[in-house]
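Colleague: Sharing a structure with you now.
The values are calculated or read from the model by the stated rules, or taken from the named source; none is laboratory data. Predicted model, so just to flag it, every value in this text is computed and none were measured. Every residue, glycine as well, gets a Cβ built from its backbone with ideal geometry; the counts of neighbours run over all protein chains shown. Quick note on the areas: whole protein, heavy atoms, side chains included, nothing else; ligands and nucleic acids left out. Shrake-Rupley method; radii C 1.70, N 1.55, O 1.52, S 1.80 Å.
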Amino acid sequence: MLQQEHPVFPTQMNQNPRSRKNAIVCWTTIVALSLTSCKHTPSLAQLEAWHQEAIARNAEQLENSDRQTEQTAWQLWVQGQTKSPSSPLTWAQLQELATTHIPTPDPNYPADPNAILDFRGITVSQLLDRFGVAPDATEVTFVAFDGFRTTISIADLRRYPIILALERNGKPLSRQQGGPLYLVFPHTQYPELQKKYHSGFWVFYVTHAIVGTEPVRLKIGNRQFDSTAFEKLPRTTLETPVGYKLGWPSGKVMLKGVLLRDAIAAAGLKLSSNGAVIIRGKPSIHRDRANPVLLNAAAVQNCDILLATRWGNDLQPIPAPMGGPVTLAFPSSCPMLTETPRWVTFVEELEVVP
Ligand SMILES: Nc1nc2c(c(=O)[nH]1)N[C@H]1C(S)=C(S)[C@@H](COP(=O)(O)O)O[C@H]1N2
Ligand SMILES: [Mo]
């Protein structure tokens, strides 16, 4: 499954060896202190109980320190049809910009769906002012760590204080609460938004805000293909039911683009018979080193795997709300594929592995 309807809570990204070492030192200290403060030699059972307590405490500390690392390393990319060039906002910059407080219930807080919470965050309109918006851009697509995405009109982003929240009731948003960055709508102040922007629009762990749609830009090996270069490659059309989870019609859809093997050849790369291609997309789950989208040479050679840039009967460019400008597509009958093909949105990079 590609874009999950239900969020996955990614496991900790930074297993910081230093904090693990501190934990061991800390545990030794706790046991030593416990021993010296005792009048009688503790029983083995007592020692074991302290040991277990210390382990639990250290595990908690470790988790907190990992979460801390993860959060302060979080960045927000504002991309697409903006005026200033794209470079991510750091956590420190985001903290500084987060001056807006929105009181609202959180429809994704089942424990108490009516509780009014105080969210602190950055209004999206402030980001639009900062980065500038091309006159023909009409919407912003928010992309999350897990590949989830949602699109909001610029008109509404200008009209309402819709924020990227980093704090709830004075505390950083945990992963379970949708943090580090969570798209929050002012339901209390503007009740008309309750239906329009229901729970499904509240995007957890936002990593990108894309204004309009980005131009085609694909890195293949060491070469960059912009839209002009990519348009010059041979084109292929495919009609197939699509495997993208969000924002596509069901049933057969026309797709047009460049075959994966043609793109690799155009970049001057050779794929050996036991080699493979890694596909990387914008969402973090599509650039996970531990679990890459990997296609073996047989699949690439024998299957018409497509880097699609156009869709539908009128072959329109694939916009950001659908995961464009470039998406990875598979014909329905691909005998070479052993595992379920992963339909990747926002394709940005191909790497050939020998
Ligand atoms: N990043 C991210 N945000 C997300 C989702 C998701 O899968 N990933 N699901 C959306 C949907 S459809 C709903 S209803 C709510 C709650 O999702 P849950 O019920 O799966 O927790 O979060 C929304 N925000
Ligand atoms: Mo949902």
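Colleague: Being of a type in the set (A, V, I, L, M) and either in contact with a helix residue (DSSP H, G or I) (Cβ under 7 Å, 6 or more places away or on another chain) or open to solvent by 20 Å² or more (accessible area, probe 1.4 Å) (or both) is the filter here, so list the residues in the stretch 138-151 that pass it.
Modeller: Passing the criteria: only VAL140.
Colleague: Go through the stretch 139-174 and give me each residue that's charged (D, E, K, R) and away from ligand 2 (no atom under 16 Å from the Cβ). Talk me through it step by step, then tell me what you get.
Modeller: Of the stretch 139-174, the ones charged (D, E, K, R) are 139, 146, 149, 156, 158-159, 167-168, 171.
Once the filter is applied, which keeps residues that are charged (D, E, K, R) and away from ligand 2 (no atom under 16 Å from the Cβ), the stretch 139-174 yields GLU139, ASP156, ARG158, ARG159, GLU167, ARG168, LYS171.
Colleague: What are the pairs with Cβ atoms under 7 angstrom where one residue, in the stretch 152-166, is surrounded by fewer than 18 Cβ atoms within 10 Å (Cβ to Cβ) and the other, located anywhere, is of a type in the set (Gly, Ala, Ser) and at pLDDT 95 or above? Sequence gap at least six, or different chains.
Modeller: Here the result reads ILE154/ALA137; ARG158/SER125, each pair linking the stretch 152-166 to a residue that is of a type in the set (Gly, Ala, Ser) and at pLDDT 95 or above.
Colleague: Can I ask one more? Of the residues THR236, THR240, which is away from ligand 1 (no atom under 16 Å from the Cβ), over 20 Å from ALA320 (Cα atoms) and in contact with a Phe, Trp or Tyr (Cβ under 9 Å, 6 or more places away or on another chain)?
Modeller: Going through THR236, THR240 in turn, the sole match is THR240.
Colleague: What helices (runs of 4 or more DSSP H) lie completely within the stretch 183-291 and have 2 or more residues being open to solvent by less than 60 Å² (accessible area, probe 1.4 Å) and either more than 16 Å from ligand 2 (Cβ to nearest atom) or within 30 Å of ASP129 (Cβ to Cβ) (or both)?
Modeller: 227-231, 260-266
Colleague: Right, next: Using the structure shown, decide if LYS171 is in contact (Cβ under 8 Å) with a residue 12 or more places away in the chain and more than 16 Å from ligand 1 (Cβ to nearest atom). Don't jump to the end; show me each part of the working.
Modeller: Numbers: in contact (Cβ under 8 Å) with a residue 12 or more places away in the chain: no; more than 16 Å from ligand 1 (Cβ to nearest atom): yes.
For LYS171, the condition - in contact (Cβ under 8 Å) with a residue 12 or more places away in the chain and more than 16 Å from ligand 1 (Cβ to nearest atom) - is not met.
Colleague: Also: Answer yes or no as to whether GLN79 is more than 16 Å from ligand 2 (Cβ to nearest atom), modelled with pLDDT of 85 or more, in a helix (DSSP H, G or I) and within 27 Å of PRO186 (Cα to Cα). Break it down stepwise before answering.
Modeller: Numbers: more than 16 Å from ligand 2 (Cβ to nearest atom): yes; modelled with pLDDT of 85 or more: yes; in a helix (DSSP H, G or I): no; within 27 Å of PRO186 (Cα to Cα): yes.
Against the criterion (more than 16 Å from ligand 2 (Cβ to nearest atom), modelled with pLDDT of 85 or more, in a helix (DSSP H, G or I) and within 27 Å of PRO186 (Cα to Cα)), GLN79 does not qualify.
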